[in-house]
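Q: The structure's right below; bear with me while I get my questions together.
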Amino acid sequence: MPNLGAPELIIIAVVLIALFGWKKLPDMARSLGRSARVFKSEVDELKKDGKPVPSDASDTTVKGDVIDAEAERRAADARVADAERRAAEARAEADRLRAGNPSATPTSSTESDIRRDTTL
């Protein structure tokens, strides 16, 4: 944290006074002091106990499936390739329809359904 000099502290004080008003600052400082005292006393109590605080995660065992990352990657690549192939077919069909050549053979049954719907 950077060193705070007198000019920085004055600017911070002016901003606090502008934001919260002169009357609320003493109450806020008092509340902050109380909170710091409570926090310090809790930390001291933990040190006096000498017992380490048990972590919730230390006793928890998570059971799960082992995943073959390489197989998952290959499956994802196959899905992407299939999606790209279908997108290319759809682009080709759209280009064919824009060109006004509906008599060309569609590449899939879905495209033939689209052609039938547009010719009605």
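The values are calculated or read from the model by the stated rules, or taken from the named source; none is laboratory data. The structure presented is a predicted model; accordingly, all values stated were derived computationally and were not measured. Glycine gets a Cβ as well: all are built from the backbone with ideal geometry, and neighbour counts include every protein chain shown.
Q: For the range 19-30, name all the residues that are part of a helix (DSSP H, G or I), of a type in the set (A, V, I, L, M, F, W, C) and either loosely packed, with under 10 Cβ neighbours inside 10 Å or touching a residue at least 12 places away in the same chain (Cβ under 8 Å) (or both). If you could, list the steps in order and put the result at the bottom.
A: Initial filter on the range 19-30 (part of a helix (DSSP H, G or I)): 19-20, 25-30.
Right, trim to of a type in the set (A, V, I, L, M, F, W, C) and you get 19-20, 25, 28-29.
Scanning the range 19-30 gives a single hit, 19.
Q: Being among the acidic types (Asp, Glu), out of contact with any Leu (no Cβ under 8 Å at 6 or more places or on another chain) and modelled with pLDDT under 90 narrows it down to one residue among 84, 93, 70; which is it? Full working, then the answer.
A: Working: 84 fails: modelled with pLDDT under 90; 93 fails: modelled with pLDDT under 90.
Every option except 70 fails the conditions.
Q: Looking at 33, 100, can you tell me which residue is surrounded by 10 or more Cβ atoms within 10 Å (Cβ to Cβ), of a type outside the set (Phe, Trp, Tyr) and modelled with pLDDT of 80 or more? Outline the logic, then answer.
A: On the way: 100 fails: surrounded by 10 or more Cβ atoms within 10 Å (Cβ to Cβ).
Of the residues listed, the single one that is surrounded by 10 or more Cβ atoms within 10 Å (Cβ to Cβ), of a type outside the set (Phe, Trp, Tyr) and modelled with pLDDT of 80 or more is 33.
Q: Sort out which residues of the range 6-26 are modelled with pLDDT of 85 or more and not hydrophobic (A, V, I, L, M, F, W, C), and write them in order of number.
A: Within the range 6-26, 7, 8 qualify.
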